[in-house]
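Taking it in order: structure first as structure tokens, then the write-up.
The values are calculated or read from the model by the stated rules, or taken from the named source; none is laboratory data. Since this is a predicted model, take the numbers as computed values, not measurements. Counting neighbours? That spans all protein chains shown, and the Cβs are built from the backbone with ideal geometry, glycine included. Quick note on the areas: whole protein, heavy atoms, side chains included, nothing else; ligands and nucleic acids left out. Shrake-Rupley method; radii C 1.70, N 1.55, O 1.52, S 1.80 Å.
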Amino acid sequence: MGGQPLYLEPRLEPRLRSLLGAPALLHTLTDALGSPLNMVVPDQLADNLQQFRSVYGTHHLSGQVYFAHKANRSSALLRRLAATDAGVDVASLGELQHALGAGLTPERITATGPKNPEFLWLAARTSVTVSLDTRGELEQLATLVRKHALPRVRILLRLSGFEASGVRVLSRRSRFGTAVRESAPLLEAVERHADVADLVGVAYHLDTTSLAEKATALEGCLRVLEECRSRGLRPRAVDIGGGFGVNYLAHGGQWERYTTELTEAVLGTRPPLTYAGHGYGLRNEAGTLRGTLGLYPAHRPVAGARYLDELLSHPAASLGGRPLAALLLEHLYDLHTEPGRALLDQCGLTLTKVLEVRGQESGGPLLVRLAAKADDVALEEHGVLMDPVVVPRDPAGAGADVGVGTGPDAGAGPVAVHLFGSLCLESDLITRRTVFLPRRPEPGDLLAFANTAGYCMDFHATRAQHQPSARKVAAWQEGDTWRWCLDDQYWPTTPVGGAQ
Amino acid sequence: MRYDSITDAIGNTPLVRIDPAVHGLRNIDLYAKLELLNPFGSVKDRAAWNMARPHLSAAAEGAGQVVELSSGNTAKALAVLAGIHGLTFKSVTNRMRIPEIKDLLLLLGAEIEELPGQSECLDPTATDDPLTLFHRTLSEPDSTYLHTDQYFNPRNTEAHFTGTGPEIVKDLDGRAPDWFIACVGTAGSSTGVARALREHDPAVRVAGLVAAKSDFIPGIRTIDEAHEVGLFDPGTYDTIESVSADEAIEGMLTLNRRCGILAGPTGGAAYFGAVRQLRAFDEELADGEPAERQSAVFIVCDRVESYLSYVRQRRPDLFGRPRRRNSPADLSDAELRTAPAIGVADAQAWIATGGPLVVDLRSSYAYAALHIDGSVNIVDELFEELLHGGLPFSRNRPVLLACPVGEKSARYAALLTRMGHPDVRSLTGGIIAWRDAGAPLVRD
């Protein structure tokens, strides 16, 4: 195997750890409902929301936390959310219908993203707030409201192309939103349509991990809001989108060691760490490393609510250096956020059954085939490198502790494996990297991929080759016992005890 | 010393012996090569000048721009050199995390472009990383850029091979040191000096220092980042060790306070790494027969002044200031609980009849946007400064303090009361409560 195993152990908070500590339940469920199987843990979503709320509290800010629906299509999660005071941001007609049906009332819904006429009509008809990308979209909405005699609609203006003073911050170009320097004609249009549309405020969503870029955007929004006020409009909110990140891994040291070894594997100074020498964006040019590591920063000490806290504490360089939160508060603006992945941190896992474990004639990693397709466990698709947890079929053959194989069989001890999916395609690799497991898995064992609820569960899932996509169950704790039901059977009235 | 040009002052920096009482090595003389005394403040002056010199006059004729991927010292030197020759300079970077350096570069007339952060939602179809795009721009046919390319340009290494290295030998009376310890940034100084010293004496041992992966030390790369540098060759170094940011700052403080060398954290890392590296070896020397004294040299790359915010963030304890009187931090919980306050409705009546001075403690931008009619704006930070000197109002004038939610104003109401003001009150719930109650806010 070449040196020590390079583990990337998932971070498991008490709920997921407890669920993985119930192997009998996990095996019973996959036996009955098939592999792959998605499990969601709705109560965790409510806890995560509280963490965001407490950051709002620290900074004395009011406003709404909107769950970004597209991160997961679960009904259970959405209905659990409806039982809190949070909102949801929806990006399609289907998501809007789903949110309304789950009990999220219109004042708790924001419609964003590319919109077709049906989506716009239902949004306006039900009086949800609409986040508009362009002046054209505003004209379209205004026409719709007048033509169909709909109620006045609340709107947000999504902005992009923010400019920093002093230092030019290059941001990835976004196809969404109106460039700040073109905001004047947009605001004129808002004034023109004042009879049918109320301006709630402005919004941005930047796809970046950089605090500085987001801070620049927020400062830019404050300036546009000031322009709105000087025109006599009465905006009262800034929607700063999401992208606060998730910390997937338990140990920073493992991540650092792994990425260093990956670098060395690409440079050829150690054996390969991936199937067919894939470099995750890195390449070797005459002994020098080129390219960019195309991986999610899987160990992130500052993620989720803590990231929001840091952003809000960031000084606004162009507005006197006071923290952004203080400026929002002093200007009497509400803060809206749209975390998707971060609100789903620790909210679910994906179970897959081991079908085959095969050694290679040439040695090297074991070939492990799972009853799942790569798109059912889309961790790789999002560049998230994280080990699955082995849940043995035969508990006597393994230690009782999660992820620690201490069994007496000949296969005990760490192994390197390549994980393949069940599609008849060379490219159906669950992971492109060599995965190290604490013990050799056997057919019938489960490999549990933790923390897949945010984007990695059903965002990419298909029914290719007539293979089933994963079914989904919701699970909750009653005392020491885990209970479950099918995802669409879950309502906040279903569980008794627990958080209810 | 008389020079015709400031560039003539580059190089020939002093080699200063560190007092053995400070480093504690008994058999090794440790010397610091004071690159901080270069005219633009760092070791990078040499490389920048050597890389740019051959091309500057041609570039000046074509009205070109000097560009470099640099987060600090190279950019500083190039900005000055470009300016002297009538050119502009642009630094492209995603590593410039030191605000003072950013400001200094802007002051020197540099343009700074920051590369975008990593994508939060990975796009597997994205093919162009920002650096590839940068290089593509440079190689466009009508490009007038002068790209010094410090990470790949052999003239970077050459500046140290012909300058820094031989200077060290000359100052050690024609002998190469037994040890050379250098931080790895562009690898230019470590590679060039190592080559010069080894040409003199192949037995010279070279230690490279990199930053610990989870840490950030300005000017030093982590081992992974070092692999991205074209000039980096692992074969140059007998050992490569990592140094943490805390250790770099410790080393820096020793140089600053005990040696009178105003080094920045990079020089601190070099000193710390050098002493750590040499200590074990020094013990061995001490155990054996009385041996000939050995010598070691490390490089002090630049100065401390630019890194104050970096140090403050990591070691706030170093900036402890004496407590000042009349500070809101001195208030007891009881004083805060009993701070005089007034609700929105009563405050409106009071303003109408009692004529209190209404002080809005929010920032000037927020105040300008919307405020209570007739109020004055004294931003809280400024207000606190005023109070250190005593009451800023007459005791005869009642005062109503307002902030966003009534928390800060309560602190100041309690403090003013303690300072002897008889009639000061905090607006309960602040300007937000005022707005929510439908009370009027104006813009002037």
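Kindly provide the set of residues from region A:323-351 that are of a type in the set (Gly, Ala, Ser) and within 12 Å of chain B (Cβ to nearest Cβ), ordered by number. Before you say what the answer is, go through the steps one by one.
So in region A:323-351, the residues of a type in the set (Gly, Ala, Ser) come out as A:325-326, A:340, A:342, A:348.
Within region A:323-351, A:Ala325, A:Ala326, A:Gly340, A:Ala342 qualify.
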Problem - Checklist (1) surrounded by 20 or more Cβ atoms within 10 Å (Cβ to Cβ); (2) polar (S, T, N, Q); (3) at pLDDT 95 or above applied to B:Thr162, failing item - result: (1)
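Taking the options B:Thr74, B:Thr13, name whichever one is among the β-branched types (Val, Ile, Thr) and part of a helix (DSSP H, G or I). Let's see the steps before the verdict.
Details: B:Thr13 fails: part of a helix (DSSP H, G or I).
Just one listed residue meets the conditions, B:Thr74.
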Problem - Search result, residues across region A:112-136 that are free of Cβ contacts under 8 Å to residues at least 60 places away in the same chain and open to solvent by less than 20 Å² (accessible area, probe 1.4 Å) - result: A:Phe119, A:Leu120, A:Ala123, A:Ala124, A:Val128, A:Val130, A:Leu132, A:Asp133
Practice task
Working only within region A:353-378, note down all residues that are of a type outside the set (A, V, I, L, M, F, W, C) and out of contact with any Asp or Glu (no Cβ under 9 Å at 6 or more places or on another chain).
Solution key: A:Glu356, A:Arg358, A:Gly359, A:Gln360, A:Glu361, A:Ser362, A:Gly363, A:Gly364, A:Pro365
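Could you say which residue among B:Phe180, B:Phe216 is surrounded by 18 or more Cβ atoms within 10 Å (Cβ to Cβ) and either in contact with a Phe, Trp or Tyr (Cβ under 9 Å, 6 or more places away or on another chain) or of a type outside the set (Phe, Trp, Tyr) (or both)? Working first, answer last.
Working: B:Phe216 fails: surrounded by 18 or more Cβ atoms within 10 Å (Cβ to Cβ).
Every option except B:Phe180 fails the conditions.
Given the criterion modelled with pLDDT of 95 or more, over 23 Å from A:Leu329 (Cα atoms) and open to solvent by less than 10 Å² (accessible area, probe 1.4 Å), identify the matching residue among A:Leu96, A:Leu100. Break it down into steps so the answer makes sense when it comes.
Details: A:Leu100 fails: open to solvent by less than 10 Å² (accessible area, probe 1.4 Å).
Just one listed residue meets the conditions, A:Leu96.
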Practice task
Being under 22 Å from A:Phe449 (Cβ atoms), open to solvent by 50 Å² or more (accessible area, probe 1.4 Å), out of contact with any Gly (no Cβ under 7 Å at 6 or more places or on another chain) and within 11 Å of chain B (Cβ to nearest Cβ) is the filter here, so list the residues in region A:257-301 that pass it.
Solution key: A:Arg257
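Okay, residues lined up against (1) of a type outside the set (Ser, Thr, Tyr); (2) assigned to a loop (DSSP other than H, G, I, E, B); (3) under 18 Å from A:Ser210 (Cα atoms):
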{"site": "A:Ala124", "(1), (2), (3)": "yes, no, no"}
{"site": "A:Gly136", "(1), (2), (3)": "yes, no, no"}
{"site": "A:Arg146", "(1), (2), (3)": "yes, no, no"}
{"site": "A:Leu150", "(1), (2), (3)": "yes, yes, no"}
{"site": "A:Leu157", "(1), (2), (3)": "yes, no, no"}
{"site": "A:Ser165", "(1), (2), (3)": "no, yes, yes"}
Practice task
Kindly check whether there is at least one residue in region B:190-197 that is within 14 Å of chain A (Cβ to nearest Cβ) and either aromatic (Phe, Trp, Tyr) or in contact (Cβ under 8 Å) with a residue 40 or more places away in the chain (or both).
Solution key: yes
Exercise for the section: Exactly one condition in (1) without any contact (Cβ under 8 Å) to a residue 40 or more places away in the chain; (2) touching a Pro at 6+ places or on another chain (Cβ under 9 Å) is not met by A:Thr209; state its number. Expected result: (1)
Exercise for the section: Could you tell me whether any residue of region A:329-349 is farther than 30 Å from A:Ala237 by Cβ and touching a residue at least 12 places away in the same chain (Cβ under 8 Å)? Expected result: yes
Problem - Total residues in region B:350-369, condition within 8 Å of another protein chain (Cβ to nearest Cβ) and open to solvent by less than 30 Å² (accessible area, probe 1.4 Å) - result: 4
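Just to be sure, is B:Arg198 open to solvent by 40 Å² or more (accessible area, probe 1.4 Å), of a type outside the set (Ser, Thr, Tyr) and either within 17 Å of B:Asp302 (Cβ to Cβ) or in contact with a helix residue (DSSP H, G or I) (Cβ under 8 Å, 6 or more places away or on another chain) (or both)? Working first, answer last.
On the way: open to solvent by 40 Å² or more (accessible area, probe 1.4 Å): yes; of a type outside the set (Ser, Thr, Tyr): yes; either within 17 Å of B:Asp302 (Cβ to Cβ) or in contact with a helix residue (DSSP H, G or I) (Cβ under 8 Å, 6 or more places away or on another chain) (or both): no.
In short, no.
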Exercise for the section: Would you please name the residue that is surrounded by the fewest Cβ atoms within 10 Å (Cβ to Cβ), looking only at residues in region A:439-498 that are part of a loop (DSSP other than H, G, I, E, B) and among the acidic types (Asp, Glu)? Expected result: A:Asp480
Handout entry: Those residues of region B:99-122 which are open to solvent by 20 Å² or more (accessible area, probe 1.4 Å), more than 9 Å from chain A (Cβ to nearest Cβ) and either in a strand (DSSP E or B) or at pLDDT 90 or above (or both), in sequence order
Key = B:Leu104, B:Leu107, B:Leu108, B:Gly109
Practice task
Scan region B:370-383 residue by residue and report those that are open to solvent by 60 Å² or more (accessible area, probe 1.4 Å) and in contact (Cβ under 8 Å) with a residue 24 or more places away in the chain.
Solution key: B:Asp373
Practice task
Take the residues in region B:388-427 that are open to solvent by 30 Å² or more (accessible area, probe 1.4 Å) and within 14 Å of chain A (Cβ to nearest Cβ), then tell me which one is nearest to B:Ala339 (Cα to Cα).
Solution key: B:Arg411
Handout entry: Candidates A:Gly252, A:Gly241 - the one that is under 30 Å from A:Val389 (Cα atoms), open to solvent by less than 30 Å² (accessible area, probe 1.4 Å) and within 11 Å of chain B (Cβ to nearest Cβ)
Key = A:Gly252
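Just to be sure I understand, how many residues within region A:342-359 are polar (S, T, N, Q) and open to solvent by 10 Å² or more (accessible area, probe 1.4 Å)? Steps first, answer last, please.
Going residue by residue through region A:342-359, those that are polar (S, T, N, Q) are A:346, A:350, A:352.
After this cut, where a residue has to be open to solvent by 10 Å² or more (accessible area, probe 1.4 Å) as well, the list is none.
Looking only at that region, the number is 0.
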Handout entry: Verdict on A:Gln51 being open to solvent by 50 Å² or more (accessible area, probe 1.4 Å), of a type in the set (S, T, N, Q) and closer than 20 Å to A:Arg300 by Cα
Key = yes
Problem - Selection within region A:12-43 - open to solvent by 40 Å² or more (accessible area, probe 1.4 Å) and either basic (Lys, Arg) or closer than 30 Å to A:Gly253 by Cα (or both) - result: A:Glu13, A:Pro14, A:Arg15, A:Arg17, A:Ser18, A:Gly21, A:Pro23
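Would a scan of region B:242-250 turn up a residue that is within 14 Å of chain A (Cβ to nearest Cβ), crowded, with 24+ Cβ neighbours inside 10 Å, within 18 Å of the chain's Cα centre (by Cα) and not charged (D, E, K, R)? Write out each step before concluding.
Taking region B:242-250 first, the residues within 14 Å of chain A (Cβ to nearest Cβ) are B:242, B:244.
Narrowing further to those that are crowded, with 24+ Cβ neighbours inside 10 Å: none.
There is no residue in region B:242-250 that is within 14 Å of chain A (Cβ to nearest Cβ), crowded, with 24+ Cβ neighbours inside 10 Å, within 18 Å of the chain's Cα centre (by Cα) and not charged (D, E, K, R).
May I ask you to list the residues in region B:301-337 that are within 30 Å of B:Ser190 (Cα to Cα), in a loop (DSSP other than H, G, I, E, B) and basic (Lys, Arg)? I'd like the intermediate steps shown before the answer.
First, pick out the residues of region B:301-337 that are within 30 Å of B:Ser190 (Cα to Cα): B:301-315.
If we keep only those that are in a loop (DSSP other than H, G, I, E, B) as well, we get B:301, B:304, B:315.
Within region B:301-337, B:Arg315 is the sole residue that qualifies.
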Fill in the blank from the handout: Taking first residues from region B:138-163 that are more than 21 Å from B:Thr93 (Cα to Cα) and touching a residue at least 24 places away in the same chain (Cβ under 8 Å) and second residues anywhere that are open to solvent by 80 Å² or more (accessible area, probe 1.4 Å) and in a loop (DSSP other than H, G, I, E, B), the pairs with Cβ under 8 Å that are 6 or more apart or on different chains are none
Practice task
Could you tell me whether A:Arg306 is closer than 30 Å to A:Asp375 by Cβ and open to solvent by 20 Å² or more (accessible area, probe 1.4 Å)?
Solution key: no
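Considering each residue of region A:220-247, count those that are assigned to a helix (DSSP H, G or I) and under 25 Å from the mean Cα position of the chain (by Cα), and give that number. Step through it out loud before you land on a result.
Residues of region A:220-247 that are assigned to a helix (DSSP H, G or I), as a first pass: A:220-230.
Checking which are under 25 Å from the mean Cα position of the chain (by Cα) leaves us with A:221.
Residues in region A:220-247 being assigned to a helix (DSSP H, G or I) and under 25 Å from the mean Cα position of the chain (by Cα): 1 in total.
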